[in-house]
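Have a look at the structure below before the remarks.
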Amino acid sequence: MQKGELLYEGKGKRLYKCEDENLLIAEFKDDLTANNAEKRSREEGKGALNAAISAQLFKLLEANGIKTHLVKRLDSTHQLVKKVSIIPIEVVVRNVATGSLTRRLGIADGTELPFVLVEFYLKNDDLGDPILNDEHCLLLNLVKDQETLDLLKEKGRKINKILKAFFANRKLDLIDFKVEFGIDANGEILLSDEISPDSCRFWDMDTRQKLDKDIFRLEDGSVKDAYEEVLKRINEERV
Ligand code: UDP
């Protein structure tokens with residue numbers, strides 16, 4: 001499959017056309033951004049690590065009944081994916097309070113939540129990705145109806161259940177994560193974008209060491225070493 005015209009360039013990926021009009025090629029970049037791209041850097045090999053991690057997790061989710069846009073990996077940084085229209089909602093799922101949740105609501109960092117919290121944010125950098133309730137989503141026509149929002153929440157919770165158990169077997173606590181969904185030519189909702197340490201938080205179960213983009217956000221060590229460790233643990237069941 002040859003890369004065609006560049007269709008879109010985001011903070012972490014480029015999307016290209018290819019010979020098949022129903023498919024696209026996603027290229028994972030080495031760029032790192034945080035705080036709505038106020039903080040920027042680059043780490044050689046980060047794109048390949050995220051591409052590998054995301055492909056493994058998407059395959060795991062497919063095997064557990066979550067439909068995704070991934071068709072196959074092409075090389076270390078490129079994936080063939082189904083063309084979808086992205087729903088402009090970032091679906092954030094949380095098991096433990098940290099990050100913006102603690103800042104916004106004053107909950108102590110590291111507090112185990114009494115239930116899995118699902119939140120929606122508007123995918124709009126100019127507005128700083130504001131938090132949305134269901135009515136905001138409907139008001140902005142981000143989805144066609146309440147049932148679609150309920151489906152996004154249900155999918156978010158199901159993904160959480162699968163990934164939380166998977167990482168617990170590898171001595172990693174899944175703290176929170178962000179996912180995006182797209183609608184394909186048949187109107188089907190597919191998990192899209194990526195799931196990687198750029199979009200998840202993982203804490204080592206024993207040491208509480210952070211193994212995700214918070215290392216970059218907080219300037220607290222090597223991002224690449226941490227992402228390599230996550231990939232290593234994905235490939236080795238420890239318990
Ligand atoms: N997240 C993301 N992209 C964003 C915002 C958040 O992937 O634009 C992920 C983030 O990595 C974390 C979860 O969503 O796993 C919750 O992030 P939070 O709202 O705490 O954001 P932050 O503290 O980064 O502002």
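The values are calculated or read from the model by the stated rules, or taken from the named source; none is laboratory data. Remember, predicted model here, so these are calculated numbers, not experimental data. Glycine also receives a Cβ, built like all others from the backbone with ideal geometry; neighbour counts cover every protein chain displayed. Side chains included, ligands, DNA and RNA excluded: accessible areas come from the protein's heavy atoms. Shrake-Rupley method; radii C 1.70, N 1.55, O 1.52, S 1.80 Å.
Restricting attention to region 29-84, the residues being open to solvent by less than 30 Å² (accessible area, probe 1.4 Å), over 21 Å from LYS232 (Cβ atoms), part of a loop (DSSP other than H, G, I, E, B) and not small (Gly, Ala, Ser) number 3. Of the residues making up region 134-156, none is part of a loop (DSSP other than H, G, I, E, B), within 15 Å of the chain's Cα centre (by Cα) and in contact (Cβ under 8 Å) with a residue 12 or more places away in the chain.
With respect to the stated conditions, LYS178 fails to be in contact (Cβ under 8 Å) with a residue 40 or more places away in the chain, surrounded by fewer than 18 Cβ atoms within 10 Å (Cβ to Cβ) and within 20 Å of the chain's Cα centre (by Cα). Taking the criterion of being over 15 Å from GLU112 (Cα atoms), among the acidic types (Asp, Glu) and within 16 Å of the ligand (Cβ to nearest atom), would at least one residue in region 194-203 satisfy it? Looking through region 194-203, at least one residue is over 15 Å from GLU112 (Cα atoms), among the acidic types (Asp, Glu) and within 16 Å of the ligand (Cβ to nearest atom). Among the residues making up region 12-28, those that are touching a residue at least 40 places away in the same chain (Cβ under 8 Å) and assigned to a loop (DSSP other than H, G, I, E, B) are GLY12, CYS18, GLU21, ASN22. Of the candidates VAL116, VAL93, the single residue that is surrounded by fewer than 17 Cβ atoms within 10 Å (Cβ to Cβ) and in a strand (DSSP E or B) is VAL116. Could you give me the residue pairs with C-beta distances under 6 Å whose first residue belongs to region 102-131 and is free of Cβ contacts under 8 Å to residues at least 60 places away in the same chain and within 10 Å of the ligand (Cβ to nearest atom), whose second residue is part of a loop (DSSP other than H, G, I, E, B) and open to solvent by less than 70 Å² (accessible area, probe 1.4 Å) wherever it lies, and which are 6+ apart or on separate chains? Correct list of pairs: TYR121/ASP129; LYS123/PRO88.
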